[in-house]
Amino acid sequence: MADVSIVVPVYGVEQYLRASVQSMRNQTHKNIEIILVDDGSPDRCGEICDELAGEDDRIQVIHQQNGGVGCARNAGMDAASGEYLCFCDPDDLIAPELVEDNYKLAKANDADIVMFGMRIFWRKKGRGKIRESIDVPPHSGVFTYAEYWDNFRKSHLLRGTAVNSLFRRAFLT
């Protein structure tokens with residue numbers, strides 16, 4: 001069983017997919033599994049997923065008809081064996097220590113969810129140059145469910161999304 005399962009819904013991203021998966025393979029925490037869910041992508045994504053799985057036995061691929069990102073994440077979650085789940089988009093690049101640092105935090109605090117910061121980049125339509133980026137830092141600290149809702153539910157600064165959180169799988173299921 002893996003400590004962390006990284007679930008990646010894949011659709012229409014053949015130009016980004018290899019670099020994204022490589023950033024997952026380069027994690028300092030090695031006891032991971034990477035679940036690539038080819039959501040009926042019309043490009044070469046399915047083929048690339050299979051090639052990547054042939055290069056690393058921590059990668060498994062699910063091929064399914066297009067059902068959208070939610071269905072793809074659910075299929076990956078159903079196949080996951082990890083104690084924790086991390087969702088990544090197939091055009092994301094993740095820092096080498098992301099899994100290790102957040103898994104350690106989760107274990108040390110017996111946490112159901114660990115949220116972490118991210119940097120978002122936008123490209124101007126039709127242009128290759130990055131137009132803008134923004135850092136979205138998490139609030140620092142350990143909070144119970146009640147403390148979270150009492151203190152942060154109205155805060156625009158805390159952006160908990162599927163792709164900047166580590167979830168205890170049993171908590172989600």
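Some observations on this one:
- Residue order for Tyr16, Tyr103 - accessible surface, 1.4 angstrom probe, largest first: Tyr16, Tyr103
- Cut-off under 5 Å, modelled amide H: who pairs with Ile34 long-range: Ile6, Ile59, Gln60
- Near Met24, once Lys and Arg are set to +1 and Asp and Glu to -1 for all other residues with Cβ below 13 Å from its Cβ, the sum equals -4.
- Order by protection proxy (mean Cβ within 10 Å, highest first), peptides 26-38, 50-62, 68-80: 26-38, 68-80, 50-62
- Under Karplus coefficients 6.51, -1.76 and 1.60, residue-wise ³J(HN,Hα) of the stretch 101-106 in Hz, glycine/proline x: 4, 7, 5, 4, 4, 4
- Extension gain for Phe171 to Leu93 (0.36 nm times residue separation, less C-alpha to C-alpha distance): 25.5 nm.
- For His63 and Asn26, the FRET efficiency from 1/(1 + (r/R0)^6), where r spans their Cβ atoms and R0 equals 30 Å, is about 0.75.
The values are calculated or read from the model by the stated rules, or taken from the named source; none is laboratory data. Bear in mind that the values here come from a model prediction, so they are computed numbers and not experimental data. All Cβ positions, glycine included, derive from the backbone under ideal geometry; neighbour counts span all protein chains shown. Ligands, DNA and RNA are stripped out before the accessible areas are found, and what is left, the full protein with its side chains, is counted by its heavy atoms. Shrake-Rupley method; radii C 1.70, N 1.55, O 1.52, S 1.80 Å.
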